[in-house]
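Let me begin by presenting the structure, written as C-alpha cells, before commenting on it.
The values are calculated or read from the model by the stated rules, or taken from the named source; none is laboratory data. All figures in this text were calculated on a predicted structure; none of them were measured in a lab. Note that we place each Cβ from the backbone using ideal geometry, even for glycine, and neighbour counts take in every protein chain shown.
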Amino acid sequence: MTDTLIVGGGTAGCVLAARLSADPEHSVRLLEAGSVGLAPEGFPAALLDATRLPIGADAAWLWRYPVTLADDGAAVMGNIVRGKLFGGSGAVNGSYFVRATAADFAAWSRALGSSTAWSFDTVLPAYRRSERDLDFGDQPWHGRSGPIPVHRNKNPVPVSEHFATSCAALGFPEIPDLNGPAGATAGIGRVPCSTDDGKRVSTASAYLLPALGRPNLTVQAATPVLRLRFHGTRAVGVDVWHDGRADTLWADHIVLSAGAIESATLLLRSGIGDPEQLRALDIPVVHAAPVGAWFTDHPEIGLEYRSGPAERATVPLEYVLELDDIEIRPYTVAFTPGAQRLGVALMRPSSAGVLRLRSADPAVPPVIEHRYLSTEHDRARLRAAVGIATEVLHEMSATPRTDPMPHQPAAAAAWLHANLATSQHLSGTCRMGPAGDERAVVDESGRVHGVAGLTVADLSVVPVPLSRGPQATAVLIAEHLADDLRRSGGSRTSQSL
Ligand SMILES: Cc1cc2nc3c(=O)[nH]c(=O)nc-3n(C[C@H](O)[C@H](O)[C@H](O)COP(=O)(O)OP(=O)(O)OC[C@H]3O[C@@H](n4cnc5c(N)ncnc54)[C@H](O)[C@@H]3O)c2cc1C
C-alpha cells in the first residue's frame, strides 16, 4: 500500500486527497493548518454566502501577509490573504471559475521544452473531469458529471447588464462560453461560477466531504506542518504542531499543496532554496533550488465610479471583458460605500515577484515583493488597459470617482503606482521546468528536482502567467497530478536526482 501525506487541505489538496483515496491501494493522510471543521452543521454561514468575500478584519480563517506591490523609489505596500481552512483560498474566493486559455498551455509547454504533458489537449480531460457545467455540459469540451457545479448567471444585476451593453455598443463581440474550446481571447462574456443556489462551492465540499468515510483516508484539521524531514535527499516525514505539542509524522511520499506562498516557505524552511539565503538563517541546505525567485500575480487598478440605488446581492463578478492580456471586471460588490468599481487587471505581466524567508521561525511571514510595473511593457499595457476601461465608463455615462489617469507618461506611471492593487492570484513560486532550467523547482509531474519522495501540487508550480483567474486551474493541476501520483504510486523520483 502506498502511503501519501498531503500538506494543505486547500483547493488542490482536497482534490488530491479525494482522487488518490479513491484507490483502495493508496493510503492518504491530509493535514490542514486551519481549524474550521468540515461538518455542514455549524459551518459558518459567511463562508457559504457567495455574494460576499468573507475576508474582513475579523475573519478567523485567513493567512494574512504584508506585501510590497511595487517600489519605484517609494514602496507601494499592500496586504494579501489566503484561506486557512479546508477548501483553502477557494473557500473564501469570488467563485469565478474560468479556465486558462489554449495559448497559456502552449506557453506552459514551451517552458517545459516543448513537452506535450501540459498542452491544452492533454489537460482538457482534467478540466472536464472537475466540472458539472450546467449550461454547456452537453458540449464535447465540457464535463457534465464532475464534482464542481459551474454556471453563468442568467439574470445579471443592472450594473453588470449595463457594462455588457456598453461593451457591445463599443463593438466588443460576445463570448458565449468563456470556458470554450479555443479560450476566446477578446470579447465580453458571462462569468462561469462555482456556486450552487447562491452558495460558494469549494473543493472541500465538492471533493473531500463525499470521500470522508473512506477507511484509507485520514483527515486532520488544526495541524500546521512546520517543516519537512529528510534522510539525505529523500523526504520522509513532516514536523507538525497539533493539540498543543510538536509531533513528527512519516510517509512514503509527501505532497505539498499548501498554496503558492506556504508550499514555498515550507521548502525554504526545510533547506530547499538559495543556499546563501538559507545559511544566513542557519537553515541546513538539503538542495539548491530557485524557490520563490520568480513568482507571478495579476496587478490590478480599481476605477471607482458613482453607483445607482442598491442592487440585489449576487456573485462579485457576472461579466468580464477579456482583451487577450487584459481583463476588465465590473464588480457588483461595493469596495467603498456608495461606489462601484471596475477592476482593470494585467493578466500576463512580464515582471516577476520574489518571495524569501525573513526568519526560520514558521510564525514569521515571508518577505513578498511583487515588483509590479518594473518593466516598461507592463506599464504600457496597464496604461492601455486603463484607457479602454475609461472608454467603457464613458459609454456607461458613469460618474468617475477616481481621478483620471494623466496623459504624460511619467505622471501616468506615478498615477498607476498610486492606484495599484493586486488580484490576489499569486502563483509560480516553485516553477515547473526541466532539470537544469535555472527557474525550475519541479519537473512536469510536480516532483521536486534533486530530492526524492516530494511533490508540489498546487498553483506554486505554474511556470507562466495565466491569462485568467487561477481557481479552475488550481483544481486542474490537482486532477492532472493525481493521475501521475496514482500511476507512479509516488515512488518515482525526479530524473534530475
Ligand atoms: C480573497 C480571494 C479571492 C479570490 N477570488 C478568486 C476568484 O474568484 N477566481 C479565481 O480564479 N481565483 C480567485 N482567487 C485565487 C484562488 O482562490 C487561489 O489562487 C487558489 O484557490 C489557490 O489554490 P491552492 O490550492 O494553490 O492554495 P489554497 O487554496 O490557498 O490552499 C492552501 C491550503 O494549505 C493550507 N496550509 C498552508 N500552509 C500549511 C501548513 N504549513 N500546514 C498545513 N496546511 C497548510 C492552507 O490553510 C490552505 O487550506 C482568490 C483569492 C483570494 C485570496
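Restricting to the stretch 447-488, and then to whatever is of a type outside the set (D, E) and without any contact (Cβ under 8 Å) to a residue 40 or more places away in the chain, can you tell me which residue is farthest from the ligand (Cβ to nearest atom)?
The qualifying residue farthest from the ligand (Cβ to nearest atom) is R487.
Being more than 10 Å from the ligand (Cβ to nearest atom) and β-branched (V, I, T) is the filter here; which residues of the stretch 215-244 pass it?
Those that are more than 10 Å from the ligand (Cβ to nearest atom) and β-branched (V, I, T): T218, V219, T233, V236.
Of A293, A334, which residue is assigned to a loop (DSSP other than H, G, I, E, B), touching a residue at least 24 places away in the same chain (Cβ under 8 Å) and surrounded by fewer than 17 Cβ atoms within 10 Å (Cβ to Cβ)? If you could, list the steps in order and put the result at the bottom.
Details: A293 fails: surrounded by fewer than 17 Cβ atoms within 10 Å (Cβ to Cβ).
None of the others qualify; the one that does is A334.
Can you name every residue in the stretch 401-458 that is touching a helix residue (DSSP H, G or I) at 6+ places or on another chain (Cβ under 8 Å) and in a strand (DSSP E or B)?
S427, M432, V442, V448, T455, V456
I'd like the residue in the stretch 339-353 that is modelled with pLDDT of 95 or more and out of contact with any helix residue (DSSP H, G or I) (no Cβ under 7 Å at 6 or more places or on another chain) and, out of all such residues, is farthest from D71 (Cα to Cα).
This residue is R341.
Tell me, please, whether a residue that is within 16 Å of the ligand (Cβ to nearest atom), of a type outside the set (D, E, K, R), buried (at least 22 other Cβ atoms within 10 Å of the Cβ) and assigned to a loop (DSSP other than H, G, I, E, B) can be found in the stretch 369-377. I'd like the intermediate steps shown before the answer.
As a first pass, look at the stretch 369-377 and keep what is within 16 Å of the ligand (Cβ to nearest atom): 370.
The next check asks that each one be of a type outside the set (D, E, K, R); those that pass are 370.
Of the ones still in play, those that are also buried (at least 22 other Cβ atoms within 10 Å of the Cβ) are 370.
Among the residues that remain, those that are also assigned to a loop (DSSP other than H, G, I, E, B) are: 370.
Yes, that holds for at least one residue.
Return yes when G469 is surrounded by fewer than 24 Cβ atoms within 10 Å (Cβ to Cβ), modelled with pLDDT of 95 or more and outside any helix (DSSP H, G or I) and no when it is not. Walk me through how you get there before you give the answer.
Values: surrounded by fewer than 24 Cβ atoms within 10 Å (Cβ to Cβ): no; modelled with pLDDT of 95 or more: yes; outside any helix (DSSP H, G or I): yes.
Taking the combined requirement at face value, the residue does not satisfy it.
Per-residue answers, yes or no, for (1) among the small types (G, A, S); (2) in a loop (DSSP other than H, G, I, E, B); (3) closer than 28 Å to I388 by Cβ; (4) away from the ligand (no atom under 12 Å from the Cβ):
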site: A246; (1), (2), (3), (4): yes, no, no, yes
site: I254; (1), (2), (3), (4): no, no, no, no
site: P284; (1), (2), (3), (4): no, yes, no, yes
site: R329; (1), (2), (3), (4): no, no, yes, no
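Pull up the stretch 261-278, narrow it to residues that are more than 9 Å from the ligand (Cβ to nearest atom) and of a type in the set (D, E), then point me to the one that is farthest from V7 (Cα to Cα).
Only one residue fits best here, namely E276.
Report every pair of residues separated by at least 6 positions or lying on different chains whose Cβ atoms are under 6 Å apart, first residue within the stretch 66-88 and free of Cβ contacts under 8 Å to residues at least 60 places away in the same chain and near the ligand (Cβ under 7 Å from one of its atoms), second assigned to a strand (DSSP E or B) and not polar (S, T, N, Q).
Between residues of the stretch 66-88 that are free of Cβ contacts under 8 Å to residues at least 60 places away in the same chain and near the ligand (Cβ under 7 Å from one of its atoms) and residues that are assigned to a strand (DSSP E or B) and not polar (S, T, N, Q), the close pairs are K84/L62; K84/W63.
Just one of (1) of a type outside the set (V, I, T); (2) closer than 29 Å to T332 by Cα; (3) part of a loop (DSSP other than H, G, I, E, B); (4) at pLDDT 95 or above trips up G9, so point out which.
Condition not satisfied by G9: (2).
Given the structure, is R99 under 20 Å from V191 (Cα atoms) and either among the acidic types (D, E) or not in a helix (DSSP H, G or I) (or both)? Lay out the reasoning, then the answer.
On the way: under 20 Å from V191 (Cα atoms): yes; either among the acidic types (D, E) or not in a helix (DSSP H, G or I) (or both): yes.
Spelling it out, R99 is indeed under 20 Å from V191 (Cα atoms) and either among the acidic types (D, E) or not in a helix (DSSP H, G or I) (or both).
Restricting attention to the stretch 101-145, report how many residues are of a type in the set (A, V, I, L, M, F, W, C) and within 16 Å of P470 (Cα to Cα). Spell out how you get there, then give the answer.
Restricting attention to the stretch 101-145, the residues satisfying the condition of being of a type in the set (A, V, I, L, M, F, W, C) are 102-103, 105-108, 111-112, 117-118, 120, 123-124, 126, 134, 136, 141.
From what's left, within 16 Å of P470 (Cα to Cα): 102-103, 105, 107-108, 118, 120, 123-124, 126.
Qualifying residue count for the region: 10.
Look through the stretch 32-65, keep the residues that are over 30 Å from N419 (Cβ atoms) and exposed (fewer than 12 other Cβ atoms within 10 Å of the Cβ), and return whichever of them is farthest from the ligand (Cβ to nearest atom).
It comes out as E41.
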